[in-house]
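The values are calculated or read from the model by the stated rules, or taken from the named source; none is laboratory data. Predicted model only: the values in this text are computed from it and were never measured. In this analysis, Cβ positions are derived from the backbone assuming ideal geometry, glycine residues included, and neighbour counts consider all displayed protein chains. Accessible surface is based on the protein model in full, side chains and every heavy atom, while ligands, DNA and RNA are left aside. Shrake-Rupley method; radii C 1.70, N 1.55, O 1.52, S 1.80 Å.
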Amino acid sequence: MGQYRISDLNIEVDTNSKTLIRNLAPYEVEFDYKPNLSLSITDDILLQLMDEYEGYTSDIIECEYISTEFARALFDFNGFPMKATAVEHDGSAVIFASPFTDVDVNMYLPSDKIFAYNDVAVRLISSLFYAYGTPFGLKGDLSTEKKLPIKSIVYVDNERFDSLKRLDTKDMVSMFIRSVMLAIRSERTKHTLFMLEKLMKVVDFYGVSDLNDIDFILEKVTE
């Protein structure tokens with residue numbers, strides 16, 4: 001059972017997944033008190049999922065299962081997960097998501113600024129929302145241990161948006177819920193809307209058709 005500090009939480013993880021063990025290594029710590037959270041998978045659940053997802057290795061299934069359990073648990077710690085990517089700009093986080101398309105936003109973002117890759121943890125701490133890089137997901141090794149206050153969330157969809165625009169509530173509720181639900185694959189709608197109500201007071205939301213002029217976008221959404 002390894003001990004880790006992730007998203008300002010003390011977490012124990014019991015896993016045989018080589019992928020997850022590799023991803024967790026930079027977050028390893030030692031603590032002598034009860035952890036905030038313990039994550040593991042039973043043999044019965046692993047075998048059941050291997051039958052259900054034929055062709056997937058036990059390594060992948062275990063990594064994805066424990067990652068999803070962490071994402072679900074965030075709701076109990078004033079937080080939520082997002083299927084998105086976070087970049088650092090002027091000391092703040094800008095989160096990019098494309099929940100209703102198959103656009104890979106990572107292709108258009110500056111790799112030297114990405115600190116949370118595909119699986120972003122968000123928590124409300126002392127009236128500010130922070131984005132965290134996490135070791136979870138199959139590409140968790142590409143994320144960092146950074147924690148940054150969120151300035152903006154940008155949704156990418158060339159069918160919904162013609163150019164960069166600030167979003168109002170009716171434009172972004174469905175996109176926000178979708179980006180959260182993609183990360184947990186189960187319904188927590190009531191809690192998600194509760195967190196969104198708080199988030200809207202301190203974070204700006206934007207929509208954009210594409211990320212071809214990423215430098216311009218980053219400047220505009222952090223003004």
Shape of region 16-58, Cα gyration tensor, a/c cut at 1.5
oblate
Specify the residue with the greatest mean-square fluctuation among LYS139, LYS151, LYS190, computed from a Gaussian network of the chain linking alpha-carbon atoms under 10 Å apart.
LYS190
Springs between alpha-carbon atoms under 10 Å, Gaussian network over the chain: tell me which of THR189, THR42, THR85 tops the mean-square fluctuations.
THR42
Stokes-Einstein D in µm²/s, Kirkwood radius over Cα pairs - region 28-89 at 4 °C with 1.567 mPa s viscosity:
92
Going through region 1-94, which GluC sites (Glu not before Pro) have at most 14 other Cβ atoms within 10 Å and a DSSP loop state?
GLU30, GLU54
In whole percent, what relative contact order does region 99-214 give with Cα contacts below 8 Å and a gap of six or more residues?
31
Averaged over all viewing directions, the convex hull of the alpha carbons in region 164-210 casts a projected area in nm² of 3.6
Could you work out the helix-only [θ] at 222 nm for the chain, with each DSSP H run of four or more residues adding -39,500 (n - 2.57) and the total divided by the number of residues, to the nearest 500 deg cm²/dmol?
-9500 deg cm²/dmol
Mind listing the Cα extents of region 134-223 along all three principal axes, in Å, largest one first?
31, 31, 26
Counting only the heavy atoms of the protein chains, how much of HIS191 is accessible to a 1.4 Å probe, in Å² to the nearest 10?
50
Can you tell me which of PHE136, PHE75, PHE115 moves the most in a GNM of the chain? Springs connect C-alpha atoms under 10 Å apart.
PHE75
Got a number for carbon plus sulfur as a percent of region 141-223's accessible area, 1.4 Å probe?
47
Alpha carbon Rg of region 66-121, scaled by the compact-globule rule 2.2 N^0.38 Å:
1.20
Scaled radius of gyration (Cα, divided by 2.2 N^0.38 Å) that the chain gives
1.01
So which of LYS83/LYS190; LYS34/LYS198; LYS34/LYS139 end up more than 26 Å apart, counting from Cα to Cα?
LYS34/LYS198; LYS34/LYS139
Just for the chain, what percent of DSSP beta bridges are antiparallel, to the closest 5?
70
Kyte-Doolittle mean at least 0.5 and Cα extent at least 18 Å along the axis: which DSSP H helices of the chain qualify?
169-184
